[in-house]
1. Express the accessible area of the chain per residue in Å², computed with a 1.4 Å probe while the remaining protein chains stay in the model.
2. Is the stretch 182-321 rounded, prolate or oblate when judged by the Cα gyration tensor, a ≥ b ≥ c being the square roots of its eigenvalues, rounded requiring a/c under 1.5 and prolate requiring a/b larger than b/c?
3. Taking the 0 to 90 degree range and rounding to the nearest ten, how far is the long axis of helix 491-506 tilted relative to the main principal axis of the chain, both from C-alpha atoms?
4. Which angle between 0 and 90 degrees, to the nearest 10, do you get for helix 60-76 versus the longest principal axis of the chain when only C-alpha atoms count?
5. For each pair in 240/301; 75/255; 15/237, compute the distance between the two Cα atoms and list the pairs where it is over 19 Å.
6. Chymotrypsin sites (Phe, Trp or Tyr not before Pro) within the stretch 74-151: which are DSSP loop residues with at most 11 other Cβ atoms inside 10 Å?
7. Treat every Asp and Glu Cβ in the chain as -1 and every Lys and Arg Cβ as +1, leave all other atoms uncharged, and give the resulting dipole magnitude about the Cα centre to the nearest 20 debye.
8. May I ask what percent, to the nearest 5, of DSSP beta bridges between residues of the chain are antiparallel?
Amino acid sequence: MAYYLGIDSSTQGMKGLVIDPDAGTVVRSVSVNFTADLPQYHCPDGVLAHADPLVKHADPLLWLAAMDLLLARLKASGVEMGKIAGIGGDGQQHGSVYLNSRFADALARLTPSSALAEQLAPALARPTSPIWMDSSTSGACRELDARFGARLQADTGSPAVERFTGPQLRAFAAAEPERYAQTARVHLVSSFLCSVLIGGDAPVDTGDGAGMNLLNLRTLDWDEEIAAFTAPGLLPKLPKVGTGVAGGLHPYFAKYGLRPGVPVAVWTGDNPASLVGTGAWGAGVAVVSLGTSDTFFAALKEFRTDPEGCGHVFGNPAGGFMSLACFKNGSLARDRVRRETRTEWAFFDETAFERTPPGNGGRLALPWFVPEITPPVLTSGVRANYAFAEAPSEVRIRAVVEAQALAMRSHALWIGAFEVLRVTGGASKSLGIRQVLADVFQARVESVAVADSAALGAALLAARADGVPLEKMTETFSPVTAVCEPRKEQAAVYDGLLREVCRLEKAAPYVSGQ
Ligand code: XUL
């Protein structure tokens, strides 16, 4: 009869999902949208405006306001909050929060009479938080490359990457040494929100910690040499690395009807949580998550890294490791193309695919409307092998969706060949997009019951921290609800286009839309 709550703090909003493992049901799902619900934080779509397109920061107080609002909404929805026996969570990966020496005290003294954001504002050493969309730290990345070379990827699972927390810290310490000196603790979005729930310093897990270029995946602890080079005196500013239960819920949250002291699981990153929520935490099934960013990830049998240096290795919250390739122009690009073609979602999702043949007559468009992560590209602009902007809407739509799927296939080759892909995220509702994925990968594409796989994963991890086995819950909460089979006759078309997309990534005749 115990319920478990999973909270997903993603780029554009926050979601809460309550599950009942005994009944095998999702009891309630609530959400907060940063643009519509919290406009006073000036972060439409979760990002503060900035003159430099490479700089992407958010206001960390926005996440605290969202937590208060989410829990108030959950209580108002009539859920029996007192039945919640454990809380888990996840955050958008790589984003960091900079806290001063008042943080520990402010957490311990949280009082229900005022809001979290108000009480923790004085504990910020830096008013803004760089998030995963930031690409402004190339200088710091090159310095890390020069100092550590291949060891950085071999030991931390990734080469130096702009959005990763280590390069962000190095750039911050150099640009704002005073604020850096005032920073007593650096948290990830996940460990920051977990700290607030327990009213104390929460650990970072190996799933999210591996997105920092600071965690040695061979020892599963901070790499002292890399930390020392990244920024002066960094090691004592980092939280512990940990797993399992972070602590008991702070009495502040009794105002939402939650029971003080219930276990709060160590939070993880949104992709590792989604690996759990889609039921793909064991080896053999890959996940395609079509969210703000598109990600391709799978559990790894053993620790190994991407020979091309684009992909990442993170800890798998269920044990062992996971691989991941991240594409920034995911839903960001699909939204943009839909708006530019002035089409409704229904047209985008299905009609466009019925009106065009698989392979689109060879026309492809890499939709790099914003700087891309995989492959790393800092200058935005659509790269096409035809006059993209002048083609009919359905041709443009297929060109983009096929190029996204082909780029994903090409950059995920190092992870392995998969007969089954499990899809999640908003765009996975589109049958047209699922069929393209099935044909491009020549794999069976499965949809799972719960759309919010990260929030579900967080709830499952909360239940696991309270002793409920993950295996049992996966069968109940992550059943396959729809299947899209690959059409064998399309295999040759896409094998040919795979070479074309690689060529296009290096040089494209048409560049537009900057
Ligand atoms: C993964 C990544 C994004 C964020 C936001 O490396 O940068 O997927 O986690 O979802």
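The values are calculated or read from the model by the stated rules, or taken from the named source; none is laboratory data. Owing to the predicted nature of the structure, the values given are computational and were not obtained by experimental measurement. Every residue, glycine as well, gets a Cβ built from its backbone with ideal geometry; the counts of neighbours run over all protein chains shown. We work out accessible area using only protein heavy atoms, side chains counted, and drop any ligands, DNA or RNA first. Shrake-Rupley method; radii C 1.70, N 1.55, O 1.52, S 1.80 Å.
1. Here the residues of the chain average 36 Å² of exposed surface.
2. Oblate, because a/c is 1.5 or more while a/b does not exceed b/c.
3. 70
4. 80
5. Table pairs above 19 Å Cα-Cα are 240/301; 15/237.
6. none
7. On the way: 46 positive and 53 negative charges, 55 e Å.
My answer is approximately 260 debye.
8. Bridges in the chain are about 75 percent antiparallel.
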